[in-house]
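Taking it in order: structure first as C-alpha cells, then the write-up.
The values are calculated or read from the model by the stated rules, or taken from the named source; none is laboratory data. In this text the structure is predicted, and so the values were computed from the model without any measurement. Neighbour counts are summed over all protein chains in view; Cβ atoms, including those assigned to glycine, are modelled from backbone coordinates with ideal geometry.
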C-alpha cells in the first residue's frame with residue numbers, strides 16, 4: 001500500500017515538473033548532460049558573414065519516410081525549428097511558422113522542423129493537427145542538434161536557427177519565435 005502511494009506521488013511530482021518545464025518561454029527546461037537545454041528567453045543572434053561557420057551535415061528521414069539533407073538546399077535560406085509536441089510555446093508558434101513558410105517558400109526559403117524528446121506518434125499527430133506542410137524530422141534524443149554545438153546551438157525548446165544560402169549558420173532565436181524578427185532575418189538572408 002505504501003509503495004503504491006509513493007509511486008503515485010512520484011508520478012504526480014514528475015508530471016508537475018514536466019508541465020512547469022514548458023509553462024512559459026522563461027521556464028527552465030530539464031538539463032540533458034553536456035548538451036543541456038536552457039530556457040528560451042527570446043534571445044536572438046544574427047551573425048555577420050565573416051562570423052558565420054558551416055552548418056552541420058544534417059541528413060535524416062522525414063516523418064513521411066523521405067530522405068532529407070541540408071545538402072539538398074544549397075542556394076536557399078533554411079529555417080530550422082526545434083520543437084516538441086509537449087511544449088506549450090511550440091504549439092503556440094506552430095501556426096505562425098507554417099504561415100512564414102508559405103509566405104517565403106517561393107523566395108528560395110526552406111523550413112525544416114526537428115522534433116525532440118517526444119514519441120513519434122505524438123510528433124506526427126502534432127504535424128497533422130497544425131497542418132504543417134514543411135518537412136519534419138524525428139530526433140528523439142537530439143543527436144542531430146549536436147552538430148550545431150560549435151555554431152549557434154539550438155539549446156532551448158523551442159529554438160529557431162537560420163542557415164544562409166552558402167550553408168553557414170547565420171541566426172538563432174531561443175524560445176518562441178518573434179514573427180517579425182524571424183521574417184526580418186529571412187528577408188536579410190534572402191537579399192544577401
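Numerical summary
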| item | result |
| --- | --- |
| Of the criteria (1) within 20 Å of residue 173 (Cβ to Cβ); (2) out of contact with any strand residue (DSSP E or B) (no Cβ under 7 Å at 6 or more places or on another chain); (3) at pLDDT 95 or above, which one residue 39 fails | (3) |
| Strands (runs of 3 or more DSSP E) wholly inside region 77-192 that include at least 3 residues being free of Cβ contacts under 8 Å to residues at least 60 places away in the same chain and either on the phi > 0 side of the Ramachandran plot or within 12 Å of the chain's Cα centre (by Cα) (or both) | 109-115 |
| Count of region 55-67 residues which are more than 11 Å from residue 144 (Cβ to Cβ) and surrounded by 14 or more Cβ atoms within 10 Å (Cβ to Cβ) | 3 |
| Answer from 173, 183 - the residue that is more than 23 Å from residue 56 (Cβ to Cβ) and either at pLDDT below 95 or in contact with a helix residue (DSSP H, G or I) (Cβ under 9 Å, 6 or more places away or on another chain) (or both) | 183 |
| Breaking point among (1) out of contact with any strand residue (DSSP E or B) (no Cβ under 6 Å at 6 or more places or on another chain); (2) surrounded by 20 or more Cβ atoms within 10 Å (Cβ to Cβ), for residue 130 | (2) |
| Selection count where residues are touching a helix residue (DSSP H, G or I) at 6+ places or on another chain (Cβ under 6 Å) and over 23 Å from residue 187 (Cα atoms), scope region 85-107 | 1 |
